[in-house]
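Step one of this worksheet: look at the structure below.
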Ligand code: NAP
């Protein structure tokens, strides 16, 4: 086990990993620090040490790794947080620090799904006028400018759901719903019906906490625009679940599927 392990967090998996590493089966000689970006006013706090806020680019992160004697970094950030992932890859290279990524698998379409892949938010916005008029936008609080400038956007109505208030500019016809998962299929179905939603837009975030909207859309026969993930940085090993991360760290996995319920 490493002496000081830095988890780049902000995800359920990052909290699960921190809890496992600092829990009853943990190794008291290993210090575990989770780093949060500081975007959410009241974040769910991970176990172990926590630091909050940006590092100041790859150089700032490299300095932090040196100053705090970090020997292993686990990039457990959200699959769409590609700047911090690229910074981690650069900082690990310059400092010779071990790095791997923990990325939950993406979602896959099943029978009855009407998914329309999009390369990014701009591409997603361009697809909308052909699919419907009332849009449920669940891509987060940033990047909504893409939906302001898209051809035909003025004729669309958006329901935007995010944890923190979305950052302007917002599309002309927008309602905002502040909420955070986990969500249920019943709740998501009622929401889609109550707002007469015709199209769902989502990132391919993966994981169970926000997957209920996909089932609800399938049950209602709605099209879903799914934004593809950015690729992980070249050369960084990737594991897809907490037990695999623990195994790479030389820790017998005490993690059980039931344990996931402890960290919604
Ligand atoms: P991003 O675009 O990849 O990163 C932008 C900047 O935020 C980074 O350059 C870094 O600043 C800082 N940062 C990001 N994650 C950090 C962390 N864990 N610890 C310290 N600094 C961090 O990130 P983002 O997409 O805005 O996401 C921010 C955080 O929210 C991530 O930690 C991610 O896990 C979480 N999150 C993101 C999404 C999403 O859809 N993107 C969804 C759910 C949760 P410096 O350059 O100054 O170091």
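Screening region 231-262 for residues that are within 16 Å of the ligand (Cβ to nearest atom) and either modelled with pLDDT under 95 or assigned to a helix (DSSP H, G or I) (or both) and picking the one that is nearest to residue 181 (Cα to Cα) gives 242. Among the residues making up region 31-41, those that are farther than 17 Å from residue 72 by Cβ and either surrounded by 13 or more Cβ atoms within 10 Å (Cβ to Cβ) or in contact (Cβ under 8 Å) with a residue 40 or more places away in the chain (or both) are 36, 37, 39, 40, 41.
Scan region 206-226 for residues that are in contact with a strand residue (DSSP E or B) (Cβ under 9 Å, 6 or more places away or on another chain) and within 17 Å of residue 140 (Cα to Cα) and the total you get is 6. Among the residues of region 147-161, some residue qualifies, meaning at least one is at pLDDT below 95, crowded, with 19+ Cβ neighbours inside 10 Å and assigned to a loop (DSSP other than H, G, I, E, B).
Could you grab me the full set of residues in region 78-99 that are away from the ligand (no atom under 11 Å from the Cβ) and part of a helix (DSSP H, G or I)?
Of everything in region 78-99, those that are away from the ligand (no atom under 11 Å from the Cβ) and part of a helix (DSSP H, G or I) turn out to be 89, 92, 93, 94, 95.
For residue 28, the conditions (1) in contact (Cβ under 8 Å) with a residue 60 or more places away in the chain; (2) away from the ligand (no atom under 16 Å from the Cβ) are fulfilled apart from (1).
Restricting the search to region 96-108, which residues are surrounded by fewer than 17 Cβ atoms within 10 Å (Cβ to Cβ) and free of Cβ contacts under 8 Å to residues at least 60 places away in the same chain?
Just the residues of region 96-108 that are surrounded by fewer than 17 Cβ atoms within 10 Å (Cβ to Cβ), to begin with: 96, 98, 105-106, 108.
Hits for region 96-108 are 96, 108.
Restricting attention to region 117-127, the residues that are surrounded by 18 or more Cβ atoms within 10 Å (Cβ to Cβ) and in contact with a strand residue (DSSP E or B) (Cβ under 6 Å, 6 or more places away or on another chain) total 2.
Scanning region 100-133 for residues that are closer than 29 Å to residue 237 by Cα and part of a loop (DSSP other than H, G, I, E, B) yields a count of 10.
The rows are residues; the columns are (1) surrounded by 14 or more Cβ atoms within 10 Å (Cβ to Cβ); (2) within 11 Å of the ligand (Cβ to nearest atom); (3) free of Cβ contacts under 8 Å to residues at least 60 places away in the same chain; (4) farther than 17 Å from residue 13 by Cα.
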site: 43; (1), (2), (3), (4): yes, yes, yes, no
site: 46; (1), (2), (3), (4): yes, yes, yes, no
site: 53; (1), (2), (3), (4): no, yes, yes, yes
site: 64; (1), (2), (3), (4): yes, yes, yes, yes
site: 76; (1), (2), (3), (4): yes, yes, no, no
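The set of residues in region 185-204 being assigned to a loop (DSSP other than H, G, I, E, B) and over 22 Å from the mean Cα position of the chain (by Cα) consists of 195, 196, 197, 198. Could you pull out the residue among 22, 12 that is within 29 Å of residue 180 (Cβ to Cβ), in contact with a strand residue (DSSP E or B) (Cβ under 8 Å, 6 or more places away or on another chain) and touching a residue at least 12 places away in the same chain (Cβ under 8 Å)? After ruling out the rest, the residue left standing is 22. Just one of (1) without any contact (Cβ under 8 Å) to a residue 24 or more places away in the chain; (2) buried (at least 18 other Cβ atoms within 10 Å of the Cβ); (3) farther than 17 Å from residue 200 by Cα trips up residue 143, so point out which. Going through (1) without any contact (Cβ under 8 Å) to a residue 24 or more places away in the chain; (2) buried (at least 18 other Cβ atoms within 10 Å of the Cβ); (3) farther than 17 Å from residue 200 by Cα one by one, residue 143 breaks only (3). Checked against (1) outside any helix (DSSP H, G or I); (2) in contact with a strand residue (DSSP E or B) (Cβ under 8 Å, 6 or more places away or on another chain); (3) under 23 Å from residue 108 (Cβ atoms), residue 182 passes all but a single condition, namely (2).
The values are calculated or read from the model by the stated rules, or taken from the named source; none is laboratory data. Remember, predicted model here, so these are calculated numbers, not experimental data. As a convention, Cβ positions derive from the backbone with ideal geometry for all residues, glycine included, and neighbour counts pool all protein chains shown.
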